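One structure below.
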Amino acid sequence: MSRLESFRRRLTAQIDGLNWAIAQTTDVNGDFLEMGLGNGRTYDHLRSYSDRRIWVVDRVLQCHPDCVPPSADFLQGEADAMLEKLADQGGRIALTHYDFGTGNNDLDAAEAVRMSPLIARVMVADGLVLSSQKLVGFEQISGPDSISPDRYMFYRMPG
């Protein structure tokens, strides 16, 4: 598969996965969390399809100008410290989109395992996590049929 085809597959998985997760969390109380703002495309998608507060965690703010989150919702810094800050403030998250990655599979996998308990601290019971990396401590569930299980993973926070 070419890199371009892989990119298309990733974008399709993100769109289908986010749409599915938004629908699955309509009865789950809590905010949304975007981990890895990047250009802001998935953040923009979330805010276009939901009126919930969306917390954003990233090291730097370098997104498209139309996708800048409100300053009160942007937690700039290292993810572990920002998740602890959110938890200490009483953050209650119904849906997390975990989109961190450097392209180094070993480093990305290790970071996802390290972030997992910190993500769990802010999640509400029955909340969902979408991730391109394998996480630990959550119940892995099947997402939409249109997404290959190795492309995106879906997790439910135990109740």
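When a footprinting reagent is the concern and you count Cβ atoms within 10 Å, what order do Ser131, Ser142 take, fewest first?
Least crowded to most crowded, the residues run Ser142, Ser131.
Return a whole-number percent for the relative contact order of the chain, with Cα pairs under 8 Å and 6 or more residues apart as the contact set.
24 percent
For the chain, what is the mean residue ellipticity at 222 nm derived from helices alone (per DSSP H run of n ≥ 4: -39500 (n - 2.57); sum divided by total residues; nearest 500 deg cm²/dmol)?
-12000 deg cm²/dmol
Tell me, in nm to one decimal, what length is gained between Leu61 and Ser148 on full extension, where the rule is 0.36 nm per residue of separation less the Cα-Cα distance?
Computed gain between Leu61 and Ser148 is 28.2 nm.
Rounded to the nearest 0.05, what FRET efficiency is calculated for Ser6 and Thr26 with R0 set to 30 Å and r the Cβ-Cβ distance?
0.45
So if I take the centroid of the Cα atoms in the stretch 16-33 and the same for the stretch 35-55, what is the distance between those two points in Å?
12 Å
Which value in nm describes the separation of the simple spin-label points at Val136 and Gln76, placed 7 Å from the Cα toward the beta carbon?
Computed distance between label sites Val136 and Gln76 equals 3.3 nm.
Rule-based calculations on the coordinates, nothing more; no lab input. These figures come from a predicted structure and were not determined experimentally. All Cβ positions, even for glycine, are placed from backbone atoms using ideal geometry, and neighbour counts span all protein chains on display.
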